[in-house]
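First up is the structure itself, then whatever we jot down about it.
The values are calculated or read from the model by the stated rules, or taken from the named source; none is laboratory data. As the structure is a computational prediction, the values presented were derived from the model and not from experiment. Note: ideal-geometry Cβ built from the backbone for every residue, glycine included; neighbour counts use all protein chains shown.
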Amino acid sequence: MRWSTLCVCGPAQAFTAEALQKASGQPSNTGSFSGSRAGRRARCCPREVASSSDGRKLAQSSLVFQQLLDLGRTPGEDEVSEIISVGIDAWRKNPRHATSVIGSLARNQLPLTATYVLTAMRAERMKTDVFHYNAAISACEKGRQWQLALVLLSSMPDIRVIPDEISYNAAISACEKGGQWQLALGLLSSMPDMRATPDEISYNAAISACEKGGQWQLALGLLSSMPDMRLIPNEISYSAAMSACEKGGKWQLALGLLSSMPDARLIPNKISYSAAISACEKGGQWQLALGLLSCMPDMRAIPDEINYNAAISACEKGGQWQLALVLLSRMPDKRAIPNKISYNAAISACEKGGQWQLALGLLSSMPDMRVIPNEISYSAAISACEKSGQWQLALSLLSSMPDMRVIPNEISYSAAISACEKSGQWQVALDLLSSMLMMKVVPNEISYNAAIGACARRTSLAASTGSAWMDDPT
């Protein structure tokens, strides 16, 4: 399948400050170099110092990087230009220093600064090459600025810099992180036209983009097409495809991919098993999830928190609260530290199993394990109390949430109102509904239905009491 219509490397978008600001979503801040920041500029060195070793030049580049770092995430273009002008002569003699600075900006997730550095270099008539652009596109990828990455990529041919595989891979990854699976596929399909050969990294990023976009069919299509491109899928390829199947509810396909990995001379790793276990969890296959977890050590894959969490969630959805608690208790011995997700899944398992005492016990033990409960933890515990008719405890949990710096949400309130409904506490139910509005928590359908149900119970009880009195007024 060709995606050339999505190619962004047609007419290049103007590589201007306005285009960069629009692509990055940052407010315009191109004022003059302020006096407060001027003090950070490096002073021009004497000629004898300027002609010193590369070590001195590298130190100067480090100083330039620190000054750029001090500008923060929304620098002004003029500020960046002023800093770059000081060290531009050293960069002309050794362009790798510029690449190093832009790469450091990428690691610090400063895409706008990296792009302004490129702009300043061109303004100083310094030749920019593919290494400089690759570093800047990588900064956009790490900073989740896919629009800015595409602006840079599309501008390269206009200045006679030919994008290579690294350029495209960084741009595809930027689109993947931005949820732009169509653009990711468009870039992948356009690579041969630009004489850039897709590699495993290109395909893995595109498969991940399809996974995040819920396009499991396309993800599998990309995986199956890799051998035709003389590319050997690796663990990352399979894991991304399995995650796509998991999100699409195709647990059978996920297990099929996992079982086929040894035939491809690949050993499944933690990520592979996590995707497969999660697929079983979403498919209601708790037995298979536990089977996968238990066989991981035999495949030299030590289960971690993510694997255990997926298995506990599978037990929770399968109504296996006992097994969920067993898994939770085993985690420390297996060097897997339980986290919020672990406890929340276990509390939900107890809630579904009608084990309100155990649910409250887990909630109260979380701080001792250095795990701070969140609104999901409390909502699950309140629901456990609701299902067991413990409306007083449900209200107590709801009222204690602010003390734990947890803000009740519509789920927490709805569970508490439902607890009052089942216990005939219609007045309390209405009070809770009113307090939701005061706390700026928007009631949902469950909240209103529970409150209406509480009032209906009261009306029904009053009617039956009145009828009994009329039959026997004595």
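Among residues of the range 319-364 being of a type in the set (Ser, Thr, Tyr) and without any contact (Cβ under 8 Å) to a residue 12 or more places away in the chain, the one that is farthest from Ser388 (Cα to Cα) is Ser329. Candidates Gly72, Gly143: the one that is out of contact with any Asp or Glu (no Cβ under 6 Å at 6 or more places or on another chain) and within 22 Å of Asn204 (Cα to Cα) is Gly143.
For the range 240-258, which residues satisfy the criterion of being surrounded by fewer than 19 Cβ atoms within 10 Å (Cβ to Cβ) and modelled with pLDDT under 95? Correct list: Gly249 only. Go through (1) modelled with pLDDT under 80; (2) surrounded by 15 or more Cβ atoms within 10 Å (Cβ to Cβ); (3) under 38 Å from the mean Cα position of the chain (by Cα) one by one and return the number of the condition Ser28 breaks. Every condition holds for Ser28 apart from (2). Can you spot a residue in the range 156-173 that is within 20 Å of His97 (Cα to Cα), assigned by TED's automatic domain parsing to the domain that holds Ala106 and of a type in the set (S, T, N, Q)? For the range 156-173, residues within 20 Å of His97 (Cα to Cα), assigned by TED's automatic domain parsing to the domain that holds Ala106 and of a type in the set (S, T, N, Q): present.
This table checks each residue for (1) modelled with pLDDT of 95 or more; (2) among the hydroxyl-bearing types (Ser, Thr, Tyr).
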residue: Asp263; (1), (2): no, no
residue: Ile277; (1), (2): yes, no
residue: Gly284; (1), (2): no, no
residue: Met299; (1), (2): no, no
residue: Tyr308; (1), (2): yes, yes
residue: Glu316; (1), (2): yes, no
residue: Lys334; (1), (2): no, no
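The sole residue among Arg405, Arg370, Arg330 that is over 21 Å from Ile312 (Cα atoms) and basic (Lys, Arg) is Arg405. The condition (being crowded, with 20+ Cβ neighbours inside 10 Å and closer than 25 Å to Glu281 by Cα) is satisfied by just one residue among Ala416, Ala429, Ala384: Ala384. Checked against the criterion of being touching a residue at least 12 places away in the same chain (Cβ under 8 Å), touching a Gly at 6+ places or on another chain (Cβ under 7 Å) and not hydrophobic (A, V, I, L, M, F, W, C), the candidates Asp70, Asp78 yield just one match: Asp78.
Among the residues of the range 304-351, those that are among the polar types (S, T, N, Q) and either within 16 Å of Gly291 (Cβ to Cβ) or crowded, with 24+ Cβ neighbours inside 10 Å (or both) comprise Asn307, Asn309, Ser313, Gln320, Ser342, Asn344, Ser348. Only a single criterion out of (1) out of contact with any Asp or Glu (no Cβ under 6 Å at 6 or more places or on another chain); (2) without any contact (Cβ under 8 Å) to a residue 60 or more places away in the chain; (3) not β-branched (Val, Ile, Thr) is not satisfied by Gly221, namely (2). For the range 422-448, residues that are within 17 Å of Asn409 (Cβ to Cβ) and in a helix (DSSP H, G or I) total 11.
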